[in-house]
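The values are calculated or read from the model by the stated rules, or taken from the named source; none is laboratory data. All figures in this text were calculated on a predicted structure; none of them were measured in a lab. Cβ sites come from the backbone with ideal geometry, for glycine too, and all protein chains shown count toward neighbours.
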Amino acid sequence: MVNADLSTVMQSWRKELHRFPELGYQEFTTAEFLQARLSEFGLEFFSGIAGTGIVARLAGQGLSPAIGLRADMDALPIQEHTGLDYASTNTGVMHACGHDGHMAMLLGAALEISRMPRPPGDVYFIFQPAEEIGAGARRMIEDGLFKIAPVEKIFGLHNWPDLPQGLFSVCNGAQMASVDYFDVTISGKGCHAAMPHSGNDSLLAASQIHQMLQSIASRNLDPLESGVVSVTQIHGGEAYNVLPETTVMRGCTRSLAVAVGRKIEARMAEICVGVAGSLGVTVQLDYRHGYPVLVNTNAEVTVAKSAAAASFGGSMIDLAPSPSMASEDFAFMLNECPGAYAFLGAGDDTNSRLHSPAYRFNDSILPLGADWWVTLAHQNRG
Ligand SMILES: [Zn+2]
Ligand SMILES: [Zn+2]
């Protein structure tokens, strides 16, 4: 198991990675750092997968199928405001989601496993670029991830500040939501604001559509299903006395089941057509599918929990895990391979909100995450 020395080393790696955060597909310095460490551990690795992705391999005894362990590499376009002595040195870029910690945990596990007797099956350490936006997981798959790493199960982990420190939370089935994006372009007939009857008001249509979209979750979905429709932008008009010709509305939708997502999409289209007809405007809906629902397979959830119980005690398993409506591109990997994605509680410190400029990764969970990876590799049976 991970000792105090390795915990200290992981902290120093994490702080070093924190100093040079890089956005998706630009993780060049990050990749160099990871490769240098993997070389020190004597592990062979493949680099340049999806641009900056890395897959390292540790040979097992050949008694069990290969297992994949994945960490994400990218940072966010956020100006850091933590005041930490190891704060970001890249202006406007910050590891505000803890991917620096995820990489440190997986590196720690790679070092620990390489020092122990061989695990039953091969272990692939997968460092993936562009999780936040850009679907790095999908691009790694397109670049042959599962040929380079022929694993039969795959696992991922995210630090979770909303859960108590060290609590391990994983759901059977959906763990995280899908996300889709939409642009609604409303074209009317612009006119003098004093003579509204001479035009067709695109702003009024936008406000009607906005309200109607809120009826999807409340009146079209089964109350026991989970779905979100959020309009996050409305752009229209520039003058006090002109009704604008065009208004654009943008946002995203989330769901925990494919059928719910398709129902939201279909209702959005119907609402756009209905409001267009009733107000005499043209409405164009551009609806794009983003990350799919992240679905854990039950057998691998059991494996994940038993490794967590062995690593840090059965009392630290969340007995009532609930999924998140946030999204995660590990979903693409789980669409190709059985596996599980878990949340590791990081405590409820007010400075630990994900994607906040004040976010601070809780280093106390580094050895927990690394222990979980090590145990997964060594408990890999059939
Ligand atoms: Zn994030
Ligand atoms: Zn994240």
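Across region 298-333, which residue is nearest to Gly173 (Cα to Cα) among those that are in contact with a Ser or Thr (Cβ under 7 Å, 6 or more places away or on another chain) and in a loop (DSSP other than H, G, I, E, B)?
Filtering first and then ranking leaves Pro321.
For residues that are crowded, with 19+ Cβ neighbours inside 10 Å and either of a type in the set (Asp, Glu) or not assigned by TED's automatic domain parsing to the domain that holds Leu157 (or both), tally how many sit in region 297-337.
Residues flagged as crowded, with 19+ Cβ neighbours inside 10 Å and either of a type in the set (Asp, Glu) or not assigned by TED's automatic domain parsing to the domain that holds Leu157 (or both) within region 297-337 amount to 4.
Here are Ala31, Ala109, Ala96: which of them is assigned to a helix (DSSP H, G or I) and surrounded by 23 or more Cβ atoms within 10 Å (Cβ to Cβ)?
Ala109
Assess whether Gly121 counts as being away from ligand 2 (no atom under 16 Å from the Cβ) and either touching a Leu at 6+ places or on another chain (Cβ under 7 Å) or outside the structural domain of Val151 (by TED's automatic domain parsing) (or both).
yes
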